[in-house]
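As structure tokens, the structure follows; a few thoughts come after it.
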Amino acid sequence: MLLAALARIGEPTSVAAQRIERLPQLLRNVAVANKAGLADAAGVWDAVADVERRLEGSGRVVLRASGTEPLVRVMVEAPTVDLCNELVDELCVVVDRELSGEAAHPVA
């Protein structure tokens, strides 16, 4: 798909790559008791939707359950490091509350 898009616009990869704006990104793992419950955790997905609204298209949010550990991975890209940290902190608290029922305890 990338090659087709580059061919369509007639630019080399080196020129197109310069248009990509890199944003601060933070990934934090949250230990949970029930990672399988992530898909149905309405409170978590409401919080994700709120963060996405606040980002107004200037970042992204990715949450996923680890395939091998009792963790939910919370990743945010945002325009600033401070905002990135704030949003990850908020989401980690919600993930922990909804899937563990204890105080937030992020893992490295």
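With θ taken as phi - 60° and the coefficients 6.51, -1.76 and 1.60, list the Karplus ³J(HN,Hα) couplings across region 9-26 in order, rounded to whole Hz; mark glycine and proline as x.
8, x, 10, x, 4, 4, 6, 4, 5, 5, 7, 6, 8, 7, 10, x, 9, 9
Mind checking which of Ile20, Val32, Ala42 is farthest towards the positive end of region 16-108's charge dipole, using Cβ charges of +1 (Lys, Arg) and -1 (Asp, Glu) about the Cα centre?
Ile20
So what is the 222 nm mean residue ellipticity for the chain from helices alone, if each DSSP H run of at least 4 adds -39500 (n - 2.57) and you divide by all residues, rounding to the nearest 500 deg cm²/dmol?
Mean residue ellipticity, 222 nm, calculated: -13000 deg cm²/dmol.
Taking all protein chains as present, what is the carbon and sulfur share of the accessible area of region 7-108, in % to the nearest whole number, probe 1.4 Å?
Its accessible area is 52 percent carbon and sulfur atoms.
Rg(Cα) of the chain divided by 2.2 N^0.38 Å?
So the chain has a normalised radius of gyration of 1.29.
Counting pairs of alpha carbon atoms under 8 Å apart in space and at least six apart in sequence, what relative contact order in percent does region 23-73 give?
It rounds to 52 percent for region 23-73.
Can you tell me the FRET efficiency between Ala4 and Leu27 if r is taken as the Cβ-Cβ distance and R0 is 25 Å, rounded to the nearest 0.05?
For R0 = 25 Å, the calculated efficiency reads 0.25.
At 0.36 nm per residue, minus the direct Cα-Cα distance, what do Ala39 and Arg97 gain on full extension? Give it in nm, one decimal, please.
19.4 nm
Which residue fluctuates most in the GNM of the chain (Cα springs below 10 Å): Ala39, Ala47, Ala78?
Ala39
Going through region 15-76, which GluC sites (Glu not before Pro) have at most 15 other Cβ atoms within 10 Å and a DSSP loop state?
Those that pass, being in a loop and sparsely packed, are Glu21, Glu56.
Calculate how steeply helix 42-55 sits against the longest principal axis of the alpha-carbon atoms of the chain, using the helix alpha-carbon long axis, and give the answer as 0 to 90 degrees to the nearest 10.
40 degrees
Nothing charged except the Cβ atoms of Lys and Arg (+1) and of Asp and Glu (-1): what's the magnitude of the dipole of the chain about its Cα centre? Round to the nearest 20 debye.
Result for the chain is approximately 460 debye, rounded to the nearest 20.
If you line up the long axis of helix 81-99 against the longest principal axis of the chain, both from Cα atoms, how many degrees apart are they, to the nearest 10?
40 degrees
The values are calculated or read from the model by the stated rules, or taken from the named source; none is laboratory data. Here the structure is a predicted model, which means the values were calculated and not measured. Heads up, the Cβs are rebuilt from the backbone with ideal geometry, glycines too, and the neighbour counts pull from every protein chain shown. Each accessible area value is taken on the protein alone, full model and side chains, heavy atoms only, with ligands, DNA and RNA left out. Shrake-Rupley method; radii C 1.70, N 1.55, O 1.52, S 1.80 Å.
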